[in-house]
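Each remark here refers to the structure printed beneath this line.
The values are calculated or read from the model by the stated rules, or taken from the named source; none is laboratory data. A quick note: this is a predicted structure, and the numbers were derived from the prediction, not measured. Methodologically, a virtual Cβ is constructed for each residue, glycine included, from the backbone with ideal geometry; neighbour enumeration extends over all protein chains shown. The accessibility values were calculated without ligands, DNA or RNA, using every heavy atom of the protein model including side chains. Shrake-Rupley method; radii C 1.70, N 1.55, O 1.52, S 1.80 Å.
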Amino acid sequence: MQLLIDSTKLEALLQRNQDYIGYKKLDQSCNVANALFVMYGGFSASPETSLWAKVIVIIVGGFGLYWSGCAMVKAIKNTYNADLLQHDIENLNEIEHPFSLIAIKDTFNKYSHRYLLYYDNRWGLNLFPNYKTQVVEEENVANIIKRLSSDLQVAPELITVERKGFELRTKYSVSDKVQKVYEHTLYQATIKKLPKKLQADSFMIGDRKYSWWSIDKMEADEDIREHNLDVVELVKHNII
């Protein structure tokens, strides 16, 4: 998982929890044992040891026992641990939209130069197929194959997927009308024995319209140039 975190927010989180980070029960129990050992040394010192030396050792051991005892109680009461800290840090992540972008070329042609796009009604744009990125890479690839198989009505065993690039980008969301941080992971999907229907310049599957576009055509499209040119550039520089 990629994280984009404001350093000020991270510092505030660590400061709020600084009294709880590092208090391990085993460590504090050892400190208590050491303090008791020091005090025992003061009480059991040889008769030749001066009274003041014994008192000082006992006082030092007593202070050590007090502070380590307090830390031990805090460690016992506190349930904050590394897993909770990780969860809190991940919640600071400003990446709201981790998406996997899928580039599918028209390999059914002798000279492949076009990519499959679909028309997205929310954005009002022709976009590369995309799915929300799963945290584990293997699960993400499996999800991409499953979704492509369903959306394009192609058997999953005919689809192979290869990771090609990654990009973080702050851009304007046309659908939500606000600036958002997008995490784009680019994959190239290859489909063996593409059905004839999918080889047409444009086609419908269900209520979704697909079409094949060259990079030049995308770059010339006014809407794509205004709202999605960064994705076109990502594909252009990572897919041969």
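Checked against the criterion of being under 14 Å from Leu127 (Cβ atoms) and surrounded by fewer than 12 Cβ atoms within 10 Å (Cβ to Cβ), region 166-174 has no qualifying residue.
Step by step: first the residues of region 176-216, then only those that are polar (S, T, N, Q), open to solvent by less than 40 Å² (accessible area, probe 1.4 Å) and within 30 Å of the chain's Cα centre (by Cα), then the one that is farthest from Asn130 (Cα to Cα). Which residue is that? Checking each candidate, the answer is Gln188. In region 217-235, of all residues being under 25 Å from the mean Cα position of the chain (by Cα) and in a helix (DSSP H, G or I), the one that is nearest to Ile104 (Cα to Cα) corresponds to Val235.
Quick check on region 222-240: of everything there that is among the acidic types (Asp, Glu) and open to solvent by 40 Å² or more (accessible area, probe 1.4 Å), which residue is nearest to Val141 (Cα to Cα)?
Glu233
The numbered conditions (1) open to solvent by less than 40 Å² (accessible area, probe 1.4 Å); (2) modelled with pLDDT of 95 or more are all true for Leu92 except (2). List the residue pairs whose Cβ atoms are under 8 Å apart, where the first residue sits in region 133-153 and is exposed (fewer than 14 other Cβ atoms within 10 Å of the Cβ), the second is assigned to a helix (DSSP H, G or I) and not acidic (Asp, Glu), and the two are 6 or more positions apart or on different chains. Filtered contacts from region 133-153: Lys146/Pro156.
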